[in-house]
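A short worksheet on the structure shown next.
Just so you know, all these numbers are worked out from the coordinates, no wet-lab data involved. All of these numbers come straight from a predicted model, not from anything done at the bench. For neighbour counting, all protein chains shown are included, and Cβ atoms are generated from backbone atoms with ideal geometry for every residue, glycine included.
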Amino acid sequence: MSFDLGTLFSAPGIMLGLGLFFGVVLAVAYRYLKVEEDPRIDDTEDLLPGTNCGACGEPGCRAFSEKLVSGEVEPSLCTVASPDALESIAEYLGVDAGEQNKRVARLRCAGGIAEAHQIAEYKGFDGCRAAHMVSGGGKGCSWGCLGLADCEISCTFGAITMNDNVLPKVEVDLCTACGDCVDACPRDLFEILPLNEKLYVQCNNPLAGDDAVALCTVACDACGRCASDAEPGVVVMENNLPIVHFDLGDAKPKATFRCPTGAIKWLEGNQFEENSQDKSQKRHA
């Protein structure tokens, strides 16, 4: 069997030539077509917390720093950075830091093991999503919190812990409004809201009257008293639940005073903690 030495050596030579040719092309393209990046992007990214949580609406701190440098956003959109860090970024870029409106995760359910009727003891895969998909968990209310801590596990910042009533308690000071709990909850009970929106409906049950209360003692029974007592247009009843429209007027605590179940609350800080308004509401009951 004979070998063609010319063919044997020509193939590697061709490949080597092609490699050199395309290498030269890439080098020339890089030299003349590269886009110079603003060095302030790196400096600004170093001043950010580096959590890449997405609370600012961007996929990470790098993308956020690019928009900061281009002037598309204000530093205050970062809810994780401290006020001093925001001021440092604003001073470095020569812009206004903006007003940081604290946002926090709230849960549209207050039916823990002490309030929500249990129809069965759930035994299966750990986690809310598994219980929701397989059997709906053990609670009679199929719209309420399952209490199996998917939100607690998902929280990067340790802001959520399950309380003694088997409900997720969100620590306002630790919450960055990243939205991980929103994604984790299979019943879509978490929402991110400004902290200054204090009038809040802690129920997601669309039933009315005795049908709702039979499942959970703190369920909204759709009586409509909150809508009647609130400023005109601020609270309206939709699908047997109160909807709060903060953009239509000044929400006040009086909308909670005549609620027979406590489904609507005036929250001054952490959810599921008794505050001065809760005590006042008891006096009005």
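The table below lists the values:
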{"item": "Taking the chain and dividing mean pair separation by its residue count, relative contact order in percent (alpha carbons under 8 Å, at least six apart)", "result": "14 percent"}
{"item": "Inter-label distance, nm, simple model (7 Å from Cα along the C-beta direction), ILE243/MET133", "result": "3.1 nm"}
{"item": "Chain lengthening between ALA114 and VAL236 when straightened (0.36 nm per residue, less Cα-Cα)", "result": "41.1 nm"}
{"item": "Computed Kirkwood radius, in angstrom, where 1/r is averaged over Cα pairs of the range 119-162", "result": "11.0 Å"}
{"item": "Net lengthening on full extension, GLN100/ASP188 (0.36 nm per residue, minus Cα-Cα)", "result": "29.1 nm"}
{"item": "Reciprocal mean inverse distance between Cα atoms of the range 49-207 - Kirkwood radius, Å", "result": "17.2 Å"}
{"item": "TYR122 long-range amide H proximity, modeled H, under 5 Å", "result": "GLY138"}
{"item": "Two-decimal Rg/Rh across the chain, once Rg and the Kirkwood Rh are taken from alpha-carbon atoms", "result": "1.23"}
{"item": "Gaussian network model of the chain, springs between alpha carbon atoms under 10 Å - residue of MET15, MET133, MET237 with greatest fluctuation", "result": "MET15"}
{"item": "Computed over the range 129-189: relative contact order in percent, which uses C-alpha pairs under 8 Å that are six or more apart", "result": "34 percent"}
{"item": "Karplus-derived 3J(HN,Hα), 6.51/-1.76/1.60, for each residue of the range 19-26, Hz, glycine and proline x", "result": "x, 5, 4, 5, x, 5, 4, 5"}
{"item": "Alpha carbon Rg of the range 160-284, scaled by the compact-globule rule 2.2 N^0.38 Å", "result": "1.05"}
{"item": "Extension reserve of the ASP250-ASP46 stretch, reckoned as 0.36 nm per residue once the Cα distance is removed", "result": "69.4 nm"}
{"item": "Spacing of the two label points (7 Å from each Cα toward its C-beta) at ASP173 and SER70, in nm", "result": "3.8 nm"}
{"item": "Per-q log10 I(q)/I(0), the range 132-223, q = 0.13, 0.20, 0.25 Å⁻¹ (Debye; single scatterer per alpha-carbon; no solvent)", "result": "-0.49, -1.08, -1.37"}
{"item": "For the range 40-93, the Rg and Dmax computed from alpha carbons only, in angstrom", "result": "9.4, 24"}
{"item": "Computed over the range 110-154: relative contact order in percent, which uses C-alpha pairs under 8 Å that are six or more apart", "result": "42 percent"}
{"item": "Within the chain: Cβ-based charge dipole about Cα centre, in debye rounded to nearest 20 (Lys, Arg +1; Asp, Glu -1)", "result": "960 debye"}
{"item": "Residue exposure sequence - SER135, SER88 - by fewest surrounding Cβ within 10 Å", "result": "SER135, SER88"}
{"item": "No Cys partner within the rule (Cβ under 4.7 Å), the chain", "result": "CYS56, CYS61, CYS78, CYS128, CYS141, CYS155, CYS175, CYS185, CYS216, CYS223, CYS226, CYS259"}
{"item": "Sites THR156 and ALA29 - FRET efficiency at Förster radius 41 Å, r taken between beta-carbons, to 0.05", "result": "0.55"}
{"item": "Cross-link pairs LYS123/LYS169; LYS102/LYS169; LYS102/LYS139 - those with Cα-Cα distance over 27 Å", "result": "LYS102/LYS139"}
